[in-house]
Amino acid sequence: MTDTVLEPTTGQACPALSNVTILVSNYLSVPHPEPFWNTVLDSALGGFDQALRALLPSIHVPAGSRVVLVDVYNPSIGREGLGLIQRRLGYTSGFNFDFHPTNVGHAFIAERFASVWQGLQ
């Protein structure tokens, strides 16, 4: 059974989607300077990547549609400058750090999405 999705501003039923491509991504690697936390983060992000890969094929999508993984995690391992944690004041101690992408990180993510999208065309 599929619930009707309502358009938020009009309250009218949205037409059913079909023949759409849904791009889903994992997370960037977060190179934490403290070895313990780096191992914890790497395990969590690697585990999320594995879970995502295992679950995506089972997601129900509209007829003619597909869900495609954009892998930003594995290509980001070992890369420098993708996250603010590597910038001045991006890390102070323990779990007190900024994990957001830098401009370079955002460009990296955009390139990964563009590459996957172009490969589907």
So the angle from the long Cα axis of helix 35-55 to the longest Cα principal axis of the chain, reported in degrees to the nearest 10, equals 20
On the formula 1/(1 + (r/R0)^6), with r taken between the Cβ atoms of L6 and A110 and R0 of 22 Å, the FRET efficiency rounded to 0.05 is 0.10
The farthest towards the positive end of the charge dipole of the stretch 21-120, of the residues F97, V61, P31, given +1 on Cβ of Lys and Arg and -1 on Cβ of Asp and Glu, is V61
Rounded to the nearest 5, the percent of DSSP beta bridges in the chain running antiparallel is 45
With Cα coordinates, the longest principal axis of the chain makes an angle with the long axis of helix 103-120, in degrees rounded to 10, of 40
Semi-axes of the chain from the Cα gyration tensor (sqrt of 5 times each eigenvalue, largest first, whole Å) come to 34, 17, 15
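Relative to the Cα centre, what is the charge dipole magnitude of the stretch 21-120, using +1 at the beta carbon of each Lys and Arg, -1 at the beta carbon of each Asp and Glu, and rounding to the nearest 20 debye? Could the numbers behind the result be given before it?
On the way: 6 positive and 7 negative charges, 38 e Å.
Computed charge dipole of the stretch 21-120: roughly 180 debye.
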Of I59, I109, I22, the most mobile residue in a GNM of the chain (C-alpha springs, cutoff 10 Å) is I59
Under 5 Å from the placed amide H of G83, counting only residues 5+ away or on other chains, we find T102
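No value in this document is a laboratory result; all are computed from the given coordinates. Just so it is clear, the structure is predicted and the values come from calculations on it, not from any experiment. Ideal geometry is used to build each Cβ from the backbone, glycine not excepted, and the neighbour counts take in all protein chains shown.
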